[in-house]
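Taking it in order: structure first as structure tokens, then the write-up.
The values are calculated or read from the model by the stated rules, or taken from the named source; none is laboratory data. Worth saying up front: this structure is predicted, and the values here are computed from it rather than measured. Ideal geometry is used to build each Cβ from the backbone, glycine not excepted, and the neighbour counts take in all protein chains shown.
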Amino acid sequence: MPNVVVVGTQWGDEGKGKVVDLLTEHADLIVRFQGGNNAGHTLRVGEEQYILHIVPSGILYEDKSCLVGNGVVIDPLVLLQEIRGLKERGIDIHTRRLGISARAHMIMPYHRALDAAREQAKGDTKIGTTGRGIGPCYEDKAGRRGIRFIDFVDEQRFLSVYRSNLEEKRKILTQVLGSDLPVEEPGELDALLASARELAPYLADVSVEIKEALGMKKNVLFEGAQGTQLDIDHGTYPYVTSSNPVAGSVCTGAGIGPKHIHFVLGIVKAYATRVGGGAFPTELTDAVGDHLQSQGAEFGATTGRKRRCGWQDLVVLRDAVRLNGLQGLAVTKLDVLSGLDTIRVCTSYECKGKKLDSMPPSLEMVEQCRPVYEDHAGWKEDIGEVREFSDLPDAAKKYLRRIEELAGTPISLISVGASRDQTITLQNPFSI
Ligand code: GDP
Ligand code: IMO
Ligand code: MG
């Protein structure tokens, strides 16, 4: 019966995919509720690695169902490619295992062109988006000129909205943004129409399907994308994504009431990373930053960009506890800290002589924040084979207990490597 939400607490890439894949063992239904193929969730099973962008991370378990909610934006060509790629690798995908909300909005090629052109026009102040057309698609959704999956699979309706949008986008691209990017490539429309025919069987009423699952006392796992500091309302605006990665978004993005959420698990890397532009108070541009980047293999799973690295930031984590109502933490990539002499934890910021315990809303202020650090002893041991908390080096135990204390939230899981089994479980969120 318990339904669990997994959210990112930082700037994304915390290891949500690994944790969702792991927890899927205890779930019957896995649901994405926001974001799109800006997400890149990596799952490691034995020697195999899978990077998922739209399909929920529960898909590797044969007897589980996966749903993509109305709050997600979907690039049909990317989704089709992902389904085909998984099938080629022997993952059984059929319409009883994967459903896509009829109300989810579709990313069109013109959204990608607009994303690129807007970034180009911004120059030095660009957001550093993934270039997947996410922002422009959510803009059209809010502007009530979007194309939902149900409209996409109706050829006549699709063509009429698509053509009228195309004209508007052409003008914005050329006359407003001064871009020479094409609004439509030759053959693109045919590919879209073909993808609509192929994807149509996956059409689902996600809210209704979840209700049925809840009626049968099934366990539902909601898979967040991005992270709390990338939230369009609560993050480091405007250097954010265009959706709400916080837990509250499950209700609107999947179509359920808040009473059905029983446990919110926040995924937090043992250090901090950020990909793209924007303030990052604990960023390290020295040898320690390089250590984290190389030991942690910190390259974007979607764009391949190098991720910026820094120390653990408790201002960010406390924000995530408050904004998501976190009941437990999953600390990932603890193994990456092995070998460091000293491990620093930012406990607050100092800004214009004042101590700050939460992220200020003003971008200018965030840029002026200086982290206040607390130093902890590091450890040298390789911890990739540790499976019990008691077997961790004392320094690692102290570091974790301090994070728990500063966040005011218990640690449920500790991840010491990318594989499923490289996990220390202190509390299974499904057994509450
Ligand atoms: P997500 O977007 O939150 O799902 O995270 P990503 O998949 O983008 O990035 C996390 C990366 O760290 C992936 O390459 C994972 O395979 C890897 N990973 C996850 N947990 C651990 C861990 O505990 N240790 C190490 N070394 N790698 C991990
Ligand atoms: P997962 O789910 C890390 C970042 C981009 C950029 C900003 C806006 O794998 O954690 P967008 O394309 O969404 O308009 O870009 O958000 N971003 C992510 N960073 N992980 C992600 O997803 C991200 N999705 C978007 O780098 O800074
Ligand atoms: Mg990622």
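At-a-glance table
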quantity	calculated
Within region 295-330, considering residues that are part of a strand (DSSP E or B) and within 16 Å of ligand 2 (Cβ to nearest atom), the one farthest from ALA396 (Cα to Cα)	LYS306
Checking GLU82 against (1) within 16 Å of ligand 2 (Cβ to nearest atom); (2) over 22 Å from ALA191 (Cα atoms); (3) of a type outside the set (S, T, N, Q); (4) crowded, with 18+ Cβ neighbours inside 10 Å, the condition it does not meet	(2)
Residue list for region 10-29, restricted to those being of a type outside the set (A, V, I, L, M, F, W, C), more than 11 Å from ligand 2 (Cβ to nearest atom) and buried (at least 24 other Cβ atoms within 10 Å of the Cβ)	LYS18, ASP21, THR24
Matching residues, region 301-332, being within 15 Å of ligand 3 (Cβ to nearest atom), buried (at least 24 other Cβ atoms within 10 Å of the Cβ) and not β-branched (Val, Ile, Thr)	CYS309, ALA330
Selected residue (only one of GLU405, GLU388, GLU381 is within 27 Å of the chain's Cα centre (by Cα), surrounded by fewer than 16 Cβ atoms within 10 Å (Cβ to Cβ), modelled with pLDDT of 95 or more and within 23 Å of GLU14 (Cα to Cα))	GLU405
Residue tally, condition within 25 Å of LEU265 (Cα to Cα) and polar (S, T, N, Q), over region 294-327	4
Check on ALA247, more than 14 Å from the chain's Cα centre (by Cα), touching a residue at least 12 places away in the same chain (Cβ under 8 Å) and within 16 Å of ligand 2 (Cβ to nearest atom)	no
Enumeration of residues in region 30-43 that are surrounded by fewer than 24 Cβ atoms within 10 Å (Cβ to Cβ) and either more than 11 Å from ligand 2 (Cβ to nearest atom) or under 20 Å from PRO429 (Cα atoms) (or both)	LEU43
Selection from region 279-330 of residues that are touching a strand residue (DSSP E or B) at 6+ places or on another chain (Cβ under 8 Å), more than 30 Å from ILE261 (Cα to Cα) and among the polar types (S, T, N, Q)	THR282, GLN293
Long-range neighbours under 8 Å by Cβ, at least six apart or interchain, first residue within 28 Å of THR236 (Cβ to Cβ) and part of a helix (DSSP H, G or I) within region 12-29, second of a type in the set (D, E, K, R) and within 16 Å of ligand 3 (Cβ to nearest atom)	LYS16/GLU223; LYS18/ARG44; VAL20/GLU223
Near pairs, Cβ below 7 angstrom, 6+ apart or cross-chain, from region 56-83 (without any contact (Cβ under 8 Å) to a residue 24 or more places away in the chain and within 17 Å of ALA200 (Cβ to Cβ)) to any residue that is hydrophobic (A, V, I, L, M, F, W, C) and in a loop (DSSP other than H, G, I, E, B)	none
Candidate set: region 256-294, residues that are within 11 Å of ligand 2 (Cβ to nearest atom) and farther than 25 Å from VAL20 by Cβ; chosen: the one surrounded by the fewest Cβ atoms within 10 Å (Cβ to Cβ)	GLY277
Positions within region 73-109 being under 24 Å from HIS26 (Cα atoms) and either in contact with a helix residue (DSSP H, G or I) (Cβ under 7 Å, 6 or more places away or on another chain) or among the hydrophobic types (A, V, I, L, M, F, W, C) (or both), in sequence order	ILE83, LEU86, ILE91, ILE93, THR95, LEU98, GLY99, ILE100, SER101
